[in-house]
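Trainee: Submitted below is the structure of interest, expressed as structure tokens.
The values are calculated or read from the model by the stated rules, or taken from the named source; none is laboratory data. Since we're looking at a predicted model, the values are computed, not measured. Here Cβ is always computed from backbone atoms with ideal geometry, including for glycine, and neighbour counts include all displayed protein chains.
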Amino acid sequence: MAEETSRVRIEPWSEDDLDLLRRINTPEMKRHLGGPETERQLLARHERYVRSGGTGPGCMFRVVALPDGTPVGNVGYWERVWHGETVYEMGWNILPAYQGRGLATAALLAVVEVARARRRHRYAHAYPSVGNAASERGLPQGRFRAARRDRLRVPEGAADAFQRLATRPHRRPGWLTSRAAARSDRA
């Protein structure tokens, strides 16, 4: 299962992506998330990503820049409970050399389509750090809107004292599923 836009293709995370995860796990890339993970933590994260495989309550993807096919980051979604409702949380990383080209936005649009096709939850959220302007710029304009500012637990050592609940897709017919249908899917 690969989703493609004119700028990127997203492909399910595989065993071959450990080097990409190591390239993402730098002080610069993880400044807003509490800093780089240890090798043990990184290997555990990689294994979770590989196991997700697009069949569970979430999935991580490698982001491949087009047309050259270079792996440039990752994007994914997973379940999170927010104010008593299960939603998808979206997250992404684009390597510094490829930032500012619209690749994060294109990858987010592609992963939203994958999540939408699952028809499991009505909403998807993203939580960029208040001080992470690059992540906020990556949010697809017109697809996400600011919802509200919330205090969230952030990892120790994170650059920002709190993060902002920044996005919630606009309602559309068929966005994901109703609450009742989502509950019955999990039963």
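Trainee: Count, please, the residues in region 98-112 that happen to be modelled with pLDDT of 85 or more, part of a helix (DSSP H, G or I) and either over 16 Å from LEU66 (Cβ atoms) or of a type outside the set (Gly, Ala, Ser) (or both).
Mentor: 6
Trainee: Within region 1-42, count every residue that is modelled with pLDDT under 90 and of a type in the set (S, T, N, Q).
Mentor: 2
Trainee: Counting just the residues of region 45-97 that are aliphatic (A, V, I, L, M) and assigned to a loop (DSSP other than H, G, I, E, B), which one comes out surrounded by the most Cβ atoms within 10 Å (Cβ to Cβ)?
Mentor: The selected residue is LEU95.
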